[in-house]
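What follows is a short report on a single structure.
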Amino acid sequence: MCSFILSVTPEAVQLRIALNQLLGEHAILAIQATQRGLVGGKDFNAVAKQLDRNSVAISKAIGSVYGNAAANQFLNGKNLWRAHIGYFVDYTVATA
């Protein structure tokens, strides 16, 4: 038996659910964007835009708990979320 009690707030649970869903979507969109970028798919730009909308949604989920400054830092901070997507795009272009 555990000797401590884990306190979970409804907000924490909702954030965890939202992030699980959004990060799952992110993985699928990243795979789709990489595949379309590699083969020159006509819908690459549409998939890339949806991937960015997903990134904004993730940052808003973070901001709902930690505030707008944290959301912006996550999304646009140096070498953070949008930057890593750019690195995948660069890799895909170089591979193609």
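We did not get these values from a lab; they are worked out from the coordinates using the rules stated. All figures in this text were calculated on a predicted structure; none of them were measured in a lab. For neighbour counting, all protein chains shown are included, and Cβ atoms are generated from backbone atoms with ideal geometry for every residue, glycine included.
A few points about this structure:
- Label zone of residue 78 (point 7 Å out along Cα→Cβ, amide N under 13 Å): in the range 41-55 this covers no residue at all.
- Mean residue ellipticity (222 nm) of the chain, computed from DSSP H runs ≥ 4 via -39,500 (n - 2.57), nearest 500: -27500 deg cm²/dmol
- Restricting the range 12-50 to trypsin sites (Lys or Arg not before Pro) that sit in a DSSP loop and have at most 16 other Cβ atoms within 10 Å of their own Cβ leaves 42.
- Cβ crowding within 10 Å averaged over residues, with 7-14, 65-72, 53-60 ranked highest first: 53-60, 65-72, 7-14
- Scattering curve values for the range 48-96, log₁₀ I(q)/I(0), Debye with Cα scatterers, q = 0.18, 0.28, 0.29 Å⁻¹: -0.56, -0.99, -1.03
- Among (1) 0.94; (2) 1.05; (3) 1.11, the entry that matches Rg/Rh (Cα atoms, Kirkwood Rh) as calculated here: (3)
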